[in-house]
Amino acid sequence: MSKQLEFGFDPVALKAKYLAERDKRLRADGNAQYLGIDKDGMFGRFLEDPYTPPIVRDPRADDVRIAVLGGGFAGLQTAAKIREAGFSSQDVLMIEKGGDFGGTWYWNRYPGAACDTESYIYLPLLEETQFMPEFKYTKAPEILAHCSRIGRKYDLYSNVLFQTEVNELRWDDARERWTIITNKGDRISAQWVVMASGPLHRPKLLGVPGIDSFKGHSFHTSRWDYEYTGGTSLGNLERLSDKVVAIIGTGATSVQCVPHVGENAKHLYVFQRTPSSIDVRNNRPTDPEWFWSQKPGWQKRRMDNFNILVQGGYQEEDLVGDGWTSIFRMMFDVVKAGRKQGLKTSTLLQMADFKKMEEIRARVDSIVKDPETAEALKPYYNQFCKRPCYHDEYLQTFNRENVTLVDTKGKGVTEITEHGIVANGKEYKVDCIIFATGFETGATFTRRNYCNIFGRGGLSLDEYWKDGMRSLHGIWMRNFPNFAIIQNSQAGASVNFPHIIQEQVVLIADVLLKNLRANVKTMEVSEAAVDKWVQECLRVAVLRSSFLEECTPGYYNLEGKIDKRVTQNLAYGAGPIAYAELLHKWQEQNAMATDMEFSYLQQKLEGAGVSARL
Ligand code: NDP
């Protein structure tokens, strides 16, 4: 096979190396190795809002038409769509845990934070807000400011509860409305609830001995402590100049903040369990002439073009033209060339992946001067086993005298002491530990969201999903009427996360508007529609789950523990394009009429206070 295609590597040896690297990292405790952070627990301070002073207000007992939970990209777009359709801001109450809009961009302000897919397709509503991002991959403060811009444009600030966490959602069978109970003592009644809380909501730590014994300073990257480090998310962390700092973790977050800490700390130790793949970023300022000459509808076209290419589809032109699309363009070329030689697509895709990862490994050698460090920074797994990273300063940081990579060869940090960190049997004394250890993903939906959810007859969502998620399109659940979730499981997952959010938001807003116009009191997906979708998800999950089984452990494959329940909870295996097409078809064919069960309000629309335009 290798001879035929002459790629210059040995695929059999590579495959064996990948599996050996995976096996080195597989652990019996899987996801249980991590320590979740509870508000009232010993690391509760890691969850506090460092950016906005506490908001003190009286509890509310509003009665609202639509409640949107979450003020990040998904919540903002949902509320914006509903407002665009003519509803007043009083019809939509937003509830957000942060002190402002922004979601993940409110919390994640670590130095170097920036979007890792192109900003022209990542930032929502650019045409509507007439906003030009400064860079192709724009930086966190601009993304946060854009969230605020959307809030202002759609008048969402006039009906939002900030620093408010929803702890319980309960369907009231008698009143046929949701009761929303929050940490501020609110008891809000809502006819419809859209949950847009994001997938990476609850930070996690490593459950190693001594984690509570460290006497120095520590924080998680999702609540960066600028009081301690100095500087801003653009860098200049001047207060670290006399500090020995440890960063634990080398995922996408760490890759972005390591260069800044390396530049400013007296000494930086980076504790690595598995290296990320780091390709070229090539960030650059936006050309205003090009940007403002785009024709209406350009953003959606660009998003679609990207999504099709990154799904291995064909497009005449590659509009984004970056590292993401290049991977898939290369895969497409390899498959095309190999087909002529009669090779199987799966074999060819694997060959293309090997080729790409060989390039990534060669890039490490070309940048990192110390051969041992370079070797340790080379990832040995298929590229989509973990989030691919793009950066032009990360690998270079390991050439600095004041930066040490502590490669734990797949074992990870094993202990934390009063004064530092133990790895490979050695203690490293540090002043500060920065946990770049990611977020809880494998836990139940309700745990990840710090929110208990009860549907008809008090049925809890955890109980309903105990054998695996059950939904239609990942959005609607039986027994949970008038309720929609915007998320990835059993839905299309794109590397450009906001794209699928947008597809779901358009559908949800359309369904809500139709229901409100038709005077619907309750809408609930039928058992048959849910069954059919779960079966479809399982049918197409096979390829993805067998791919993930061979991957090195991580949050994509639930630390290597793929079972039937996990398979059922995966993103829709036929991919985001098939998923989006399916949603479009569902809307066009008015499948809602057959897949949903309805009950109606007695009073007329006008009497219910919906704006007359509807
Ligand atoms: P990840 O879960 O990706 O990374 C956690 C890191 O902690 C991994 O490197 C993991 O190693 C390491 N780790 C866990 N336990 C130990 C241990 N005992 N010892 C040493 N290391 C350990 O979290 P991130 O916050 O980096 O990223 C989460 C996601 O957020 C990304 O995948 C991406 O989707 C998103 N993101 C997006 C960005 C953007 O758009 N700009 C930027 C940053 C993040 P191992 O790999 O071995 O498990």
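At-a-glance table
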read-out	value
Test: residue in the range 26-49 that is assigned to a helix (DSSP H, G or I), exposed (fewer than 13 other Cβ atoms within 10 Å of the Cβ) and within 15 Å of the ligand (Cβ to nearest atom)	yes
Residue within the range 446-469 that is in contact with a helix residue (DSSP H, G or I) (Cβ under 9 Å, 6 or more places away or on another chain) and within 14 Å of the ligand (Cβ to nearest atom) present	no
Answer from Gly342, Gly312, Gly338, Gly321 - the residue that is touching a residue at least 60 places away in the same chain (Cβ under 8 Å) and not assigned by TED's automatic domain parsing to the domain that holds Pro275	Gly338
Residue match in the range 284-302 (condition: within 15 Å of the ligand (Cβ to nearest atom) and within 30 Å of Gln130 (Cα to Cα))	no
Residues satisfying the stated conditions in the range 403-424, i.e. outside any strand (DSSP E or B), within 14 Å of the ligand (Cβ to nearest atom) and more than 28 Å from the chain's Cα centre (by Cα)	Asn424
Flag for Ser545 being modelled with pLDDT under 90, assigned by TED's automatic domain parsing to the domain that holds Arg175, surrounded by fewer than 21 Cβ atoms within 10 Å (Cβ to Cβ) and under 25 Å from the mean Cα position of the chain (by Cα)	yes
Flag if Ala443 is surrounded by fewer than 18 Cβ atoms within 10 Å (Cβ to Cβ), within 16 Å of the ligand (Cβ to nearest atom) and under 21 Å from the mean Cα position of the chain (by Cα)	yes
Residues of the range 185-232 classified as part of a loop (DSSP other than H, G, I, E, B), modelled with pLDDT of 95 or more, farther than 30 Å from Lys411 by Cα and small (Gly, Ala, Ser), total	4
Any hit, the range 337-360, residues being more than 16 Å from the ligand (Cβ to nearest atom), modelled with pLDDT of 95 or more and farther than 29 Å from Leu558 by Cβ	no
Residues of the range 215-232 classified as within 15 Å of the ligand (Cβ to nearest atom) and in contact with a strand residue (DSSP E or B) (Cβ under 7 Å, 6 or more places away or on another chain), total	5
Near pairs, Cβ below 7 angstrom, 6+ apart or cross-chain, from the range 218-236 (among the hydroxyl-bearing types (Ser, Thr, Tyr)) to any residue that is more than 16 Å from the ligand (Cβ to nearest atom) and in a helix (DSSP H, G or I)	Tyr228/Arg239; Thr229/Arg239; Thr229/Leu240; Thr232/Tyr226
Qualifying residue in the range 145-156 (condition: out of contact with any Leu (no Cβ under 7 Å at 6 or more places or on another chain) and assigned to a loop (DSSP other than H, G, I, E, B))	yes
Identity of the residue in the range 335-393, polar (S, T, N, Q), in a helix (DSSP H, G or I) and under 27 Å from the mean Cα position of the chain (by Cα), that ends up nearest to Pro275 (Cα to Cα)	Gln383
Matching residues, the range 104-118, being over 15 Å from the mean Cα position of the chain (by Cα) and crowded, with 23+ Cβ neighbours inside 10 Å	Tyr110, Pro111, Glu118
Any chance Lys466 is modelled with pLDDT of 95 or more and in a loop (DSSP other than H, G, I, E, B)	no
Matching option when the condition is within 16 Å of the ligand (Cβ to nearest atom), surrounded by 16 or more Cβ atoms within 10 Å (Cβ to Cβ) and farther than 25 Å from Glu559 by Cβ, among Phe7, Phe101, Phe73	Phe73
Residues satisfying the stated conditions in the range 585-598, i.e. farther than 19 Å from Val540 by Cα and of a type outside the set (Asp, Glu)	Gln587, Gln589, Asn590, Ala591, Met592, Ala593, Thr594, Met596, Phe598
Residue within the range 250-257 that is among the aliphatic types (A, V, I, L, M), buried (at least 20 other Cβ atoms within 10 Å of the Cβ) and in a helix (DSSP H, G or I) present	yes
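Results for (1) closer than 20 Å to Gln487 by Cα; (2) assigned to a helix (DSSP H, G or I); (3) more than 27 Å from the chain's Cα centre (by Cα); (4) at pLDDT 95 or above, shown as yes or no for each residue.
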| site | (1), (2), (3), (4) |
| --- | --- |
| Arg57 | no, no, yes, yes |
| Val68 | yes, no, no, yes |
| Gly71 | yes, no, no, yes |
| Thr78 | yes, yes, no, yes |
| Ile82 | yes, yes, no, no |
| Gly86 | no, no, yes, no |
| Met94 | yes, no, no, yes |
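The values are calculated or read from the model by the stated rules, or taken from the named source; none is laboratory data. From a predicted model like this one, the values you see are computed outputs, not experimental measurements. Cβ atoms come from the backbone with ideal geometry, glycine included; neighbour counts cover every protein chain shown.
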